[in-house]
Every structure is written in structure tokens, then in C-alpha cells.
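S.K.: Here it is: the structure, laid out below.
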Amino acid sequence: MPHVLIVLTSQGLIPATRQQTGWQLSELAYPYSILEPRVNITIASPQGGEAPLDPASASTKPETASDEADSTDISSIAHHWEAWTHTYRIREVVGRAGAGEFDAVFYVGGRGAMFDLVTDAASLALIQNIAAVGKPIAAVSHGPAALLNATAPSGVPLLSGARLTGFSREEEDEAGMAAVMPFQLETELERVSGGGYVKADRPGMEKVVVSRTAGLHSPLITGQNPASAVGVAREILRVLGCD
């Protein structure tokens, strides 16, 4: 059975406001319910232990969700409480990625990722190790922030030449959070990829993109927003031959 590594943020506060943040519930709960029957799952975070759930996300639901997602109670992740309260430290699994133990890595979104995963050295080493063994890399919503500073084994920026997506400027503006974010994810994805950023016709709509990059020969799977989490999970299964 394939083995997927899921990565969550450890950042629980927005520095400018001290507002609680973290990872986004639907971006873990829906993919987890889709992936778990078909793959083995390990969950990691920069600091290990309990990864902070953004409390605001516990009462929200993606605007666009499939029948499969609709039939999955978002609180189902509570049945796997230890999955996110006892995460591995990323540095503990970096070598296992290089040894080929994991068949894919998936970065869950949530605004916390914009503060820690974007520069976390262990996470960047993990991504390079996954890329070195030619395995798929996936991310949704704010999760692609973790890939901005990543390089392929050749030293080329991982996202160079990629067609990809992630949380848009309009979506950040609509949420009223643009002013407290360290950068605009859309702007940085557009810059690092060399103009390859794409998004849905309207904010909140599902958008999933599968492409390849100059430094990664395996698929790069990105989703724009929480509504895209189900689609990203399905693409992970498809590229692993488990759909």
C-alpha cells in the first residue's frame, strides 16, 4: 500500500494581531477520509506534537464539494485525534523520505503555513528528498507557500516553469486577512513559477492543477482553496494508481 506523508503547520498565532491560526480543518479532514482507505498515512509538522487547528475553520465548509465530501462529516478527523495531536517532527522524517519510504507528500493549507513552512529548513530538505526520488508533491490553499523556497536536487527552484495554483489575492481580501499576511501567496507563486499561476473564475470555486516543473519530473498537484481539497486528494490517488 502506498505511503503518503501529510504535513501541517505548527504556527498557531498571526504575529501582527496574535489572532489564532493554524491548519484548515476541511483541508485535512476531507483528504484524510479519501486517502486513508487506500494509503498509509503519516503526519508531520515543524515542531511535532499537536499541530494547531485554526479554530475558525471548524465552523466552515468548502463552497464546492463533491458528493463524497458532502457525505463525510468534517468532524470525522476527531476519530483520528492522535493523527494531528501527536505529529512527527519534520526533521524526524526527512531521511525516511530520502530513503523512498514515502510515495507522496501533501501540504495542508491554513494561514499558519505562510509563517513557518515557507522557511522551515527541515521542510525544505524534505521536499528536496521527495523530489530526488521522483515522487509527487501536493499542496492546497496556503499549503503551496511551503514550496516557494524549495529547490530541486539540481538547485533549480522547484516551482520554476510550473503551472500551479494556490490561495488567491481576491480570496485573501474577501477574508479580510491580506493586511496581516507576510506576503501575497498568488504574487509569490506567480513570481517563482515564472508566470505559471492560474486560478478559478470566481473566488471560492474549486481549482486543481496537475503539472510538472523544471526541477521535478513527477506530478506537482496544487489546489487553490479549501473547496479544492477533495480534488487534490483524488489526484494524489490517481497519480499513485490507487483511484
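S.K.: Per the Debye formula with a single identical scatterer at each Cα and no solvent contribution, what log10 I(q)/I(0) holds for the chain at q = 0.08, 0.12 Å⁻¹?
M.R.: Computed log10 I(q)/I(0) values: -0.24, -0.57.
S.K.: Along Cα→Cβ, 7 Å out, is where each label goes; now give me the distance between the ones at Arg89 and Thr151 in nm to one decimal.
M.R.: Going from the Arg89 label point to the Thr151 one covers 2.5 nm.
S.K.: Given the Cα-Cα distance of Arg191 and Glu101 and 0.36 nm per residue of separation, how much length would full extension add, in nm?
M.R.: Length difference between fully extended and current span is 29.2 nm.
S.K.: Considering only protein heavy atoms and a 1.4 Å probe, what is the carbon-and-sulfur percentage of the accessible area of the chain?
M.R.: Using a 1.4 Å probe with all protein chains present, the chain comes out at 47 percent carbon and sulfur.
S.K.: Could I ask something else about it? Stick to Cα atoms and the Kirkwood definition of Rh, then tell me Rg/Rh for the stretch 88-134.
M.R.: On the Cα set of the stretch 88-134, Rg over Rh gives 0.97.
S.K.: Within the stretch 107-243, what percent of beta bridges assigned by DSSP are antiparallel, to the nearest 5?
M.R.: In the stretch 107-243, approximately 45 percent of DSSP beta bridges are antiparallel ones.
S.K.: Rounded to the nearest angstrom and ordered from largest down, what semi-axes does the equivalent ellipsoid of the stretch 83-219 get from its C-alpha gyration tensor (root of 5λ)?
M.R.: 24, 18, 13
S.K.: Here is a follow-up. For Arg18 paired with Phe183, estimate the spin-label separation in nm (one decimal), with each label point 7 Å from Cα along the Cα-to-Cβ line.
M.R.: Placing both labels 7 Å along Cα→Cβ, they lie 2.8 nm apart.
S.K.: What's the ranking of 123-134, 159-170, 195-206, 86-97 by average number of surrounding C-beta atoms within 10 Å, highest first?
M.R.: 159-170, 123-134, 86-97, 195-206
S.K.: Do the sum for the chain: with -39,500 (n - 2.57) for every DSSP H run of n ≥ 4, divided by all residues, what is the mean residue ellipticity at 222 nm, to the nearest 500 deg cm²/dmol?
M.R.: -7500 deg cm²/dmol
S.K.: Would you mind telling me the antiparallel percentage of the DSSP bridges in the chain, rounded to 5?
M.R.: The antiparallel fraction comes to roughly 30 percent.
S.K.: While we're here: Express the accessible area of the chain per residue in Å², computed with a 1.4 Å probe while the remaining protein chains stay in the model.
M.R.: 40 Å²
S.K.: While we're looking at this one, here's another question. How big is the C-alpha Rg of the stretch 156-239 next to the rule-of-thumb value 2.2 N^0.38 Å, as a ratio?
M.R.: After normalising by residue count via 2.2 N^0.38 Å, the value is 1.09.
The values are calculated or read from the model by the stated rules, or taken from the named source; none is laboratory data. Predicted model only: the values in this text are computed from it and were never measured. FYI the Cβ positions are ideal-geometry reconstructions off the backbone, even for glycines, and counts take in every protein chain you see. These area figures cover heavy atoms from the full protein model, side chains too; ligands, DNA and RNA do not enter into them. Shrake-Rupley method; radii C 1.70, N 1.55, O 1.52, S 1.80 Å.
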